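Have a look at the structure below, then the notes.
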Amino acid sequence: MGHVSAGGLGSGRSAGDEAFRAELAGKAVWKLLVKGIEVFLPGRSTSIGAVRVSDRPVTLRVPVFVNGTGFGIQLQKRPVDRQPEREIFVRGDQGRIIGIAIAGPTAAIGSRVVDAGTLAGYARRLVYETLYDPADADSAGPAVRAAKHVQDVVFLDSETGVGLGVEIDPATGRPVTRLLVGINGAGVLVQAYPPEGGRPAQAVRSQN
């Protein structure tokens, strides 16, 4: 499992750190991650209190990078032996805001470089495929609309030991990978990418 470099952990908890965690706790992508862990990774958990502020990214089993849209990962090419499981969650006025939690091999996304844009596109495709029934032509319209209204995505790959959480701005359509997740047998690591101008939040291990 990956580790946090020496000196990477911040020991203090400033007012800014507390405000950051409070903001993250209210975000739908965080709540979707907690729900995704509950559904797909029974026996593991995380909490908002585990997030601390740091300017260093966490190291996982796969190469991790940060670009203008948050976290991304680089994968080695490998065969896809199964399709991911998924849970679609609906919220907001008339249920028009969609979140999807996905669990399975990251290779199923179909790209060796997975960032906010790649994962958002894959999530929209999964939502459409899940809701569209080829035997029912009337299901196409609602499936397309649901795919367009995806705002939050969580992907968890326990075999590779990595996960990502993406927020999509409803006004601009711009996706940002807010959460980087490391998974092992004992718990999870969660690192949060802050809004522009903020300080990165670092991961600490959450044990059961």
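The values are calculated or read from the model by the stated rules, or taken from the named source; none is laboratory data. Since this is a predicted model, take the numbers as computed values, not measurements. So basically every Cβ, Gly included, is an ideal-geometry build from the backbone, and we count neighbours across all protein chains shown. These accessible areas exclude ligands, DNA and RNA; they are computed on the full protein's heavy atoms, side chains included. Shrake-Rupley method; radii C 1.70, N 1.55, O 1.52, S 1.80 Å.
For the reader, a short list of remarks on this structure follows.
- When LYS31, LYS77 are compared by accessible area of protein heavy atoms, the largest-first order is LYS77, LYS31, using a 1.4 Å probe.
- The protection proxy used here, the mean number of other Cβ atoms lying within 10 Å of each residue, ranks peptides 145-154, 67-76 as follows, highest first: 145-154, 67-76.
- Nearest-20 debye value, segment 148-200 charge dipole, Cβ charges on Lys, Arg, Asp, Glu: 140
- Straight-line cross-link partners of LYS27 among the lysines, defined as a Cα under 21 Å from its Cα and at least 8 positions apart when in the same chain: LYS35, LYS148.
- Chain lengthening between ARG61 and ASP93 when straightened (0.36 nm per residue, less Cα-Cα): 7.5 nm
- Protein-only accessible surface order, largest first, of TYR193, TYR132, TYR122 at 1.4 Å: TYR132, TYR193, TYR122
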